[in-house]
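Enquirer: My questions all concern the structure below.
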Amino acid sequence: MGLISGMLMGIVFGIALMAGWQHMMRYRSNKRIAKAVDIKSLSSLNRDDLKKICGENFPEWISFPVFEQVKWLNKQLSKLWPFVADAAEAIIKDSVEPLLEEYRPPGITSMKFSKLSLGTVAPKIEGIRVQSLKKGQITMDIDLRWGGDPSIILAIEAALVASIPIQLKDLKVFTVVRAIFQLAEEIPCISAVVVALLAEPKPRIDYTLKAIGGSLTAIPGLSDMIDDTVTSIITDMLQWPHRIVVPIGGIPVDTSELELKPQGKIKITVLRANNLKNKELIGKSDPYAVVYIRPLFKVKTKVIENNLNPVWNQTFELIAEDKETQSLIIEVFDQDVGQDERLGIAKLPLIELEAGNSKEIELRLLPSLDMLKIKDKKDRGTLTIQVFYRQFNEEEQLAALEEEKRILEERKKLKEAGVIGSTMDALDGAASLVGSGVGMVGTGIGAGVGVVGSGLGAFGSGLSKAGKFMGRTITGQSNASKRSGSSTPVNSVQENGGAKPL
Amino acid sequence: MGFFSTILGFCGFGVGISTGLVIGYYLFIYFQPCDVKNPVIRPLAEQDSQSLQRLLHEIPLWVKNPDYDRIDWLNKFLEVMWPFLDKAICKTAKNIANPIIAEQIPKYKIESVEFEELTLGSLPPTFQGMKVFVTEEKELIMEPTLKWAGNPNVTLGIKAFGLKATVQVVDLQIFAQPRITLKPLVPSFPCFAKIVVSLMEKPHVDFGLNVVGADLMSIPGLYRFVQELIKDQVANMYLWPKTLEVEILDPTKAMKRPVGILHVKVLRAMKLRKKDLLGASDPYVKLKITESKAPSKKTAVKHKNLNPEWNEEFSIVVKDPESRALELIVYDWEQVGKHDKMGTNVVPLKELTPDEPKVMTLDLLKNLNQNDAQDDKFRGQLVLELTYKPFKEEDMSKDLDNPLQKAPEETPPGGGVLVVVVHEAQDVEGKHHNNPYVRIIFKGEERKTKQVKKNRDPRWEEEFTFMLEEPPLKEKLHVEVLSTSTRIGLLHPKETLGYVNISLADVVNNKRINEKYHLIDSKNGKIQIELQWRTSS
């Protein structure tokens, strides 16, 4: 009797014990999961959430801007800055000097840093935004502002003149840096970082140029040449869709996906222009058009003399890398003995084009692409072009990439051999890349040579602008926008030898 | 009889309870799902007030405290990265653990141990706020609040004696408040030499440990005991002021400290080329280390001499003998106008054997640019004697470990050395010009820093030492920020941008004080001065 009742009691007790344990397990497990859920849901709050939690007593100091503020990072950065500045100087010098060399305009024979110190004021990060636009990638946008006091002295050598030290003063940089992290399934989990400056809002780099122990006017157009170099580097290297891809050590990964690659071909026929402005005192303008997507690859039409309604009817082919963000830029110039003057500029965003469809478009010529600062609303005529866009297939893409590399290589060689002044001016190369085109510009070999020779030609970039050195703004848009940003072309004939470096 | 039945009852109870436990185990626990589900996260907007009430307990610190910064962008970053991190970490963990397991199991007569499941789950750690501290020292301090309430699943399958058991860790939760200090700051990337981590509070750890499906941590009392054990263990190792240090850079190299002294004896030059139209040139030699910011040293000018003998000795501090070189330029002195360069050459420091004097005869070149068309004209020769003396290893490491150095041996007993380091100033404003430098006056002795041009927030980082017979208990140090015009002119002469008198008794007691002082006679000006009192004992 005792045995059975004991056993019964034991069984009941044992089962109860297990039931209790199970109950405890479930309770604790639920509690942990609930906590995990709570913490997760609190990890990214927005205004409405917080309003709901806090009700009446919403903390005043909290706001939710699109770009999240990072005061703590700024505090740390300003503390760290003297050390960063020290460490970065050598690196910047080593990495930027070759760039300057590649992009320098034909008028300058050498451009080097003779002094580079980043100053005492740290850049400020206005905000950070993190998005995941594509699977396996994190896109981080950093709103960066730097009104620093760096001391940058460029030693510039131009033909005929020995080295002139030029100081870059009052540098201000406002830009949004986009960093894309390509994720990988191996530590450190990031296989490559892509860095670029966002095109929208446009990067703004302001600075003042000052010649030390002399005057900038010693070399006419020098400041414009420097501006052009800086703008070209920015628009052609850094500004989205152009980018810098940095593979992060350790993980063998194919970064070619991330690189900017030729995406398609644009066949553009520059048909005619109407009602161009007359810039000549005697006779009419001698217009020609320059067409490009990247400033490194420019093509040019022939010059039609003494005509305000020129018909060129010339066809070129250009490579597009990123249809979504790139634009076709067409500038019309008046050929002149001295400085060629711009009659107008037009921009056609490639996104407006349909692939495989030929289209005739009439564009209004503007004094500048940066209309914010230009008051001149006068009509500058129109330009008619025919555009045809074709997407590359993979093979063509590779071929185009190779071709592009080859051309740049070749130009570099030419430059070393001294045939042309700069990588920037060999339009013929670009033209031959795409088969057709009558491009023949360039200080070294182009129009200006016959007159004064390349030496003086170097100086030709515009006496008209010699007076305006201060307070220039470069909006990273194009060479051309800058050019008229600093000087509105109102002057007429100039008795200045040499051609205009493009 | 009653006794007998009681015994039987007990036995029955014993048998019963074990049967009961087994039945209970199969009834309630065995069929419990062992897999870890992803919890459903509902948006806050949908939650009722009751669950919101529960949330309040976990509200991030940046909501509550204005001194914490929100770093939700980092949370977002981590969230996107988490699946990748999860795989990477698990893969690495497996690779590390497997050999260790293989080595250990034969000892315990276990057939095999393997990971049946290893994942960190879908929930990433979250930062609930970031606080940073700014001190006068060369360090960055930040305190993120880290909460990881994850749903990892780590299942170990153990086979022994033909039986198989599983051990599973689930629902790991770790809440910690680490303090991350980056120090010292150094002028080479990544700009700090060490990461020092310590926990400001005991961390909270919670998890479920399922052995054969039953969660041991739910046994009342055991959980608390284990939690306390873990907390204490971790606290013993990393609770502030105990730290975990990770060295990133070798501080000696990173600091770019001097590593040796180069003794240069400029003996003579021979057959220099004539530069002056009338009579011979007046040569002198300038020496410096390439890319160093220190001013170059000069010999005396030997007038009207193309074969001058100087026999002058110089000592130059060397920071990086591997990549630097000694640069020598011979100039022609002129009464008026620019001094002409007569020739130049360099001696790479790595060519020198330490502690061994070497006499060198150098041909003078027009310039150092290799690419430039050299004109081969003979410009004369320069004879030097060079000795490179590296500092001893011990001296240097001693320096680093202890920021408070001892006074040199020749200090008088009872006395010591007062070191004044002028770091930087902020918001110093002059009426007409802003080219500040600092003058410090102590016992009538005056020292000056270099002038920083056109700067409201100048940095000097200069060190001055005063040798004293006795501790300066009653003395004061006068620190003054001055500005002079860069142009020569009597219009706006020297002006004072502010001054401060620092009593030195505190320094003697504290050995070292590093503080920002408000400047008197200045609007908002502040100056950071570090004072040290070094004694020989």
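Enquirer: Once label points are set 7 Å from the Cα along Cα→Cβ at both B:Q32 and A:R47, what is their separation, rounded to one decimal in nm?
Expert: 4.6
Enquirer: If a paramagnetic tag sat 7 Å from the Cα of B:C11 along the Cα-Cβ line, which residues of region A:1-42 would have the backbone N under 17 Å from that point?
Expert: Counting only backbone N, you get A:1-11.
Enquirer: Can you figure out the FRET efficiency of B:K242 with B:S503, using R₀ = 51 Å and their beta-carbon distance, to the nearest 0.05? Don't skip to the answer; put the middle values down first.
Expert: Values: r = 36 Å, r/R0 = 0.70.
Result of the calculation: an efficiency of 0.90.
Enquirer: Let me ask you something else. On a 0 to 90 degree scale, rounded to 10, what angle separates helix B:72-104 from the longest Cα axis of chain B?
Expert: 70
Enquirer: So if I place +1 on the C-beta of Lys and Arg and -1 on the C-beta of Asp and Glu, and nothing else carries charge, what would the dipole magnitude of region B:133-264 be about its Cα centre? I want it in debye, nearest 20.
Expert: 320
Enquirer: Using amide H atoms built 1.01 Å from N in the peptide plane, name the residues 5+ places from A:D336, or on other chains, whose amide H lies under 5 Å from its own.
Expert: A:E341
Enquirer: Apply the Karplus parameterisation 6.51 cos²θ - 1.76 cosθ + 1.60, with θ equal to phi minus 60°, to every residue of region B:516-531 and state each ³J(HN,Hα) to the nearest whole Hz, in sequence, with x for glycine and proline.
Expert: Result, rounded to whole Hz: 9, 10, 6, 8, 7, 6, 9, 5, 10, x, 9, 9, 9, 10, 10, 10.
Enquirer: Report the calculated FRET efficiency for B:R439 and B:T353 (r = Cβ-Cβ distance, R0 = 45 Å), to the nearest 0.05.
Expert: 0.55
Enquirer: For region A:117-156, compute the orientation-averaged projected area of the C-alpha convex hull (one quarter of its surface), in nm².
Expert: 4.7
Enquirer: For q values of 0.21 Å⁻¹, compute log₁₀ I(q)/I(0) with the Debye formula on a Cα-only model of region B:1-91, without solvent.
Expert: -1.15
Enquirer: In whole angstrom, note down how far apart the Cα centers of region B:1-49 and region A:1-73 are.
Expert: So the two Cα centres are separated by 22 Å.
Enquirer: Now, a different point. Counting only Cα atoms, I'd like the Rg/Rh figure for region B:174-236, Kirkwood definition for Rh. List each step's numbers first, then the result.
Expert: On the way: Rg = 18.0 Å, Rh = 14.4 Å.
Rg/Rh for region B:174-236 comes to 1.26.
Enquirer: Order of A:L276, A:L383 from fewest to most other C-beta atoms within 10 Å?
Expert: The most exposed by this proxy come first: A:L276, A:L383.
Enquirer: I want the local charge near A:I39. Using Cβ-Cβ distances under 9 Å, sum +1 for each Lys or Arg and -1 for each Asp or Glu among the other residues.
Expert: Value of the local net charge: +1.
Enquirer: Please work out the C-alpha center-to-center distance from region B:117-149 to region B:328-355 and express it in whole Å.
Expert: Spelled out, the Cα-based centre of one part sits 54 Å from the other.
Enquirer: With 10 angstrom as the radius, rank B:S112, B:S122 by how many other C-beta atoms surround their C-beta, starting from the fewest.
Expert: Working: B:S112 12, B:S122 18.
Going from least to most buried by this count: B:S112, B:S122.
Enquirer: Hey, quick one: spin label on A:D379, modelled 7 Å out along Cα-Cβ, who in region A:286-329 has an amide N within reach, i.e. under 16 Å?
Expert: A:308-310
Enquirer: Under 17 Å Cα-Cα from A:K202, which lysines qualify once same-chain neighbours fewer than 8 residues away are excluded?
Expert: The qualifying lysines are A:K172, A:K347, A:K373, A:K482.
Enquirer: Return the inverse of the average 1/r over all pairs of distinct C-alpha atoms in region A:160-210, which is the Kirkwood hydrodynamic radius, in Å to one decimal.
Expert: With all distinct Cα pairs of region A:160-210 included, I get 14.4 Å.
Enquirer: Sort largest first and round to whole Å: the equivalent ellipsoid semi-axes of region A:68-207, each the square root of five times a Cα gyration tensor eigenvalue.
Expert: Those come to 32, 19, 15 Å.
Enquirer: Which whole-number value in Å³ per residue fits the convex hull of the alpha carbons of chain B?
Expert: Taking the convex hull of the Cα positions in chain B, it is 334 Å³ per residue.
Enquirer: Net charge around B:V246, counting only other residues with Cβ within less than 15 Å of its Cβ (Lys, Arg = +1; Asp, Glu = -1)?
Expert: Charge balance near B:V246 sits at 0.
Enquirer: In nm, what is the difference between 0.36 nm times the number of residues separating B:N65 and B:H478 and their Cα-Cα distance?
Expert: 144.6 nm
Enquirer: Which parts of region A:168-186 would a label at A:L77 reach, counting a residue when its backbone N lies under 19 Å from a point 7 Å out along Cα-to-Cβ?
Expert: Only A:170-181 fall inside the zone, counting backbone N under 19 Å.
Enquirer: Here is a further query. Farthest toward the dipole's positive end in region B:57-157, which of B:A93, B:P124, B:I141, given Cβ charges of +1 (Lys, Arg) and -1 (Asp, Glu) about the Cα centre?
Expert: B:A93
Enquirer: First measure r as the distance between the Cβ atoms of B:F4 and B:I180, then evaluate 1/(1 + (r/R0)^6) with R0 = 60 Å and state the FRET efficiency to the nearest 0.05.
Expert: 0.25
Enquirer: Same structure, new question: Which links in A:K75/B:K76; A:K124/B:K91; A:K112/B:K183; A:K52/B:K242; A:K115/B:K366 stretch past 29 Å when you go from one Cα to the other?
Expert: Check vs 29 Å cut-off fails for A:K124/B:K91; A:K112/B:K183; A:K52/B:K242.
Enquirer: Between region B:461-537 and region A:277-294, how many Å separate their Cα centres?
Expert: First find each Cα centre; the distance between them is then 66 Å.
Enquirer: Then there is this: Ranking B:W533, A:W61, B:W460 by Cβ neighbours within 10 Å, fewest first, what do you get? Working shown, then result.
Expert: Numbers: B:W533 22, A:W61 9, B:W460 19.
Ranking B:W533, A:W61, B:W460 by Cβ neighbours within 10 Å, fewest first, gives A:W61, B:W460, B:W533.
Enquirer: Taking the C-alpha atoms of region B:42-185, how large are the radius of gyration and the largest Cα-Cα span, Dmax, in Å?
Expert: Considering region B:42-185 through its Cα atoms, Rg and Dmax are 20.7, 65 Å.
Enquirer: Just grab the label-to-label distance for A:E280 and B:S51, each label 7 Å out from Cα along the Cβ direction, in nm (one decimal).
Expert: In this crude label model, A:E280 to B:S51 measures out at 8.0 nm.
Enquirer: Over region B:442-511, how many percent of alpha carbon pairs lie in each 10 Å bin up to the one with the longest distance?
Expert: 15, 42, 28, 12, 3
Enquirer: Sticking with this one: May I ask you to give the average projected area over all directions of the convex hull of the Cα atoms of region B:125-237, in nm² rounded to one decimal?
Expert: 10.3
Enquirer: So, one more: Compute the length gained on full extension between B:I89 and B:R487: take 0.36 nm times their separation in residues and subtract their Cα-Cα distance, giving the result in nm to one decimal.
Expert: Residue separation times 0.36 nm, minus the Cα-Cα distance, leaves 137.0 nm.
Enquirer: Tilt of helix B:222-238 relative to the longest C-alpha principal axis of chain B, in degrees (0 to 90, nearest 10)?
Expert: 10
Enquirer: Roughly speaking, what is the stretch gain from B:E111 to B:N98, that is 0.36 nm per residue apart minus the C-alpha to C-alpha distance, in nm to one decimal?
Expert: 3.3 nm
FYI, it's all coordinate maths here, none of it is from the lab. None of these values were measured; they are calculated from a predicted model. Note that each Cβ is placed from the backbone with ideal geometry, even for glycine, and that neighbours are counted across all protein chains shown.
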